[in-house]
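Working notes for the structure below.
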Amino acid sequence: MPKKTMGLGRGLDVLLPDLNDTTEGIREIDLGLIDPNPDQPRRAFSEESIAALAQSVREQGILQPVLVTAAGDRFRLVAGERRWRAAREAGLETIPCIVREMTLPQQMEAALIENIQREDLNPVETAAGLRSLMDAFGYTQEEASRRVGMSRPAVANFLRLLGLPEPVLDLLREGKLSAGHARVLAGLSDTALQISLAEETVREGYNVRQLETIAARRREAKPTRKHRPDLPVELKQLETNLRERFGVRATVTGNTLRGKVVLQYTSPDELEAIWDAAERLRKN
C-alpha cells in the first residue's frame with residue numbers, strides 16, 4: 001500500500017486539530033471489527049460508485065485513512081464509510097484508521113463535515129443531517145453553521161428544503177433538481193405549484209434563472225383568494241369529517257341548500273388514499 005496518506009478533509013481540523021498529513025497515529029484495523037455509523041447523514045450509496053472505488057483500492061490501496069472511535073472491544077466509523085465499503089468489496093482484511101475519542105456531537109459533526117466537504121450528500125441528506133444535529137444537541141442555526149464550517153444563510157437555505165413536498169424532495173434525492181432549483185421552489189407557498197413546477201423543470205430542463213422567472217410569473221398570475229364566508233356549523237363539521245375520512249385537504253363552500261365540496265391531492269399517495277376511501281364507501 002502506498003505510504004503517503006492525505007488528511008481527512010478541510011473542516012475536520014476544526015473538530016480534531018491534531019489531525020495532520022502524516023502517517024503518525026494511523027492503525028491497521030480488521031474490517032470485521034468496524035461497525036458503520038448509525039448517524040451517518042448519507043443514506044444512499046451507489047453500488048456502481050462503490051464498485052469503481054473498490055477497483056481503485058485493489059490497484060492503489062487505501063490512500064486516505066478512515067476515522068473511527070472505540071466502542072467497547074469494537075470500533076465505530078465516524079468518517080469514511082465509502083472507503084470502508086469499498087475495502088470490504090475489494091477483499092481487504094484491514095483498513096488504515098485514525099482512532100480518536102470523540103463525543104457523540106463530535107461524531108455527528110465529523111460525519112456531516114466530511115460528506116459536505118466531499119460533496120457526497122444530496123441536498124436533502126445535507127438538510128436532514130443539519131436538522132438532526134440541531135435537534136439532537138439544541139444548536140441554533142448560528143451554532144450549527146460554526147460547527148460544520150458553513151455560513152448561517154447556507155444552513156437556513158438547506159433547512160428550508162425540508163418543507164418541500166415529498167415529490168419535490170424525491171427529485172432532489174435523485175439529482176434531477178439542484179439545490180438552486182429547490183430554493184426557488186421553497187419560496188412558493190402553494191404546494192401544488194411547487195410540485196407542478198418541479199416536474200416541469202425536470203421535463204423542460206430549466207436552469208435556476210429560468211425557473212426563477214417562471215415561478216415569479218406564475219405567482220403573479222395566481223388569482224388572489226377571495227374571503228370565504230363563514231360556514232354553518234354543520235358544514236364546518238362536514239369539512240372536518242371529509243379530511244379525516246379521505247386524509248387530504250377538503251373544502252366546502254356554499255350553504256345548506258347549495259354548495260360545492262372539493263377534495264385536493266398533491267401526490268400520488270394522496271390520490272390513492274382518496275380512491276381507497278371512496279372504494280370503502282362504495283362497498284358499505
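What follows is calculated from the coordinates using simple rules that are stated; it is not laboratory data. Here the structure is a predicted model, which means the values were calculated and not measured. We place every Cβ from the backbone using ideal geometry, glycine too, and count neighbours over all the protein chains shown.
Compare the peptides 208-217, 85-94 by average per-residue count of other Cβ atoms within 10 angstrom and give them in order, highest first.
Values: 208-217: 15.0, 85-94: 17.5.
Descending mean neighbour count gives 85-94, 208-217.
Based only on other Cβ atoms within 10 Å, what is the fewest-to-most ordering of S49, S145?
Ranked by crowding around the Cβ, least crowded first: S49, S145.
Calculate, for E174 and R74, the FRET efficiency according to 1/(1 + (r/R0)^6) with r their C-beta to C-beta distance and R0 35 Å; round to the nearest 0.05.
In this case the efficiency is close to 0.50.
What is the spin-label model distance, in nm, from T240 to L104 if the labels are put 7 Å beyond Cα along the C-beta direction?
That separation, rounded to one decimal, is 3.9 nm.
Within the set of other residues whose C-beta is less than 14 Å from the C-beta of L159, count the net charge using Lys and Arg as +1 and Asp and Glu as -1.
Neighbour charge sum, excluding L159 itself: 0.
Students often check this: by mean Cβ neighbours within 10 Å, which of 189-198, 164-173 ranks highest, and how do the rest follow?
Result, highest mean first: 164-173, 189-198.
Sort F246, F137 so the one with the fewest other Cβ atoms within 10 Å of its own Cβ comes first.
Values: F246 20, F137 15.
So the ranking, lowest neighbour count to highest, is F137, F246.
What's the FRET efficiency of A52 with E93 using the Cβ-Cβ distance as r and R₀ = 22 Å, to the nearest 0.05?
0.55
Between E28 and R217, what is the label-point separation in nm under the 7 Å Cα-to-beta-carbon projection?
Between R217 and E28, the label points sit 6.4 nm apart.
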